[in-house]
Amino acid sequence: MRQATHILSVETRAGLHEITAEVTRWVAAQAMREGLLTLFCRHTSASLLVNENASPAVRRDLVAWLERLAPEDDGYEHDEEGPDDMPAHLRALLTGVNLSIPLIGGRLTLGTWQGVFLAEHRRRPHRREVAMHLIGE
């Protein structure tokens with residue numbers, strides 16, 4: 001059994017950023033055939049998700065839905081970093097900060113229309129980090 005780790009750095013702006021290509025390239029470079037990839041977002045106001053990567057409308061609808069679920073200026077006590085601070089934490093809580101994707105036959109087992117996304121829940125740009133851990137053979 002082998003293990004490999006890497007920190008992926010992603011420049012963001014508000015919205016969903018597809019990172020499937022970067023993740024897939026790194027996994028392929030590890031030359032493993034079977035295993036499990038774990039992704040972990042190292043932030044409390046950004047998150048990870050697997051969703052459709054074919055239609056940009058899906059991304060827009062997801063962002064709009066999260067904005068309705070956790071709106072800005074909703075009377076939050078925590079607002080030290082601005083009105084988008086607490087809603088960003090709530091949106092990250094709803095979508096999650098970790099993913100596990102099986103590796104079978106040397107390929108991630110994402111479905112035809114699935115992509116891996118980093119969700120930036122703050123309005124201003126950030127540099128986000130995603131820790132990647134691959135275990136397998």
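The values are calculated or read from the model by the stated rules, or taken from the named source; none is laboratory data. In this text the structure is predicted, and so the values were computed from the model without any measurement. Cβ placement follows ideal geometry from the backbone for every residue including glycine, while neighbour counts extend to all protein chains displayed. The accessibility values were calculated without ligands, DNA or RNA, using every heavy atom of the protein model including side chains. Shrake-Rupley method; radii C 1.70, N 1.55, O 1.52, S 1.80 Å.
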Could you look through the stretch 115-137, keep only residues that are basic (Lys, Arg) and more than 11 Å from the chain's Cα centre (by Cα), and pick out the one that is surrounded by the fewest Cβ atoms within 10 Å (Cβ to Cβ)?
Arg127
Determine the pairs where a residue that is under 17 Å from Leu62 (Cβ atoms) and free of Cβ contacts under 8 Å to residues at least 60 places away in the same chain, located within the stretch 106-132, has a partner that is open to solvent by 60 Å² or more (accessible area, probe 1.4 Å) and in a strand (DSSP E or B) with Cβ atoms under 8 Å apart, the partner being 6 or more residues away or on another chain.
none
Does Arg68 fit the bill of being farther than 15 Å from Leu8 by Cα, within 14 Å of the chain's Cα centre (by Cα) and at pLDDT 95 or above?
no
Scan the stretch 21-55 for residues that are over 15 Å from Leu134 (Cα atoms) and open to solvent by 70 Å² or more (accessible area, probe 1.4 Å) and jot them down.
Arg42, Thr44
Only one of Glu18, Glu67 is out of contact with any His (no Cβ under 9 Å at 6 or more places or on another chain), touching a residue at least 60 places away in the same chain (Cβ under 8 Å), among the acidic types (Asp, Glu) and surrounded by 13 or more Cβ atoms within 10 Å (Cβ to Cβ). Can you tell me which?
Glu18
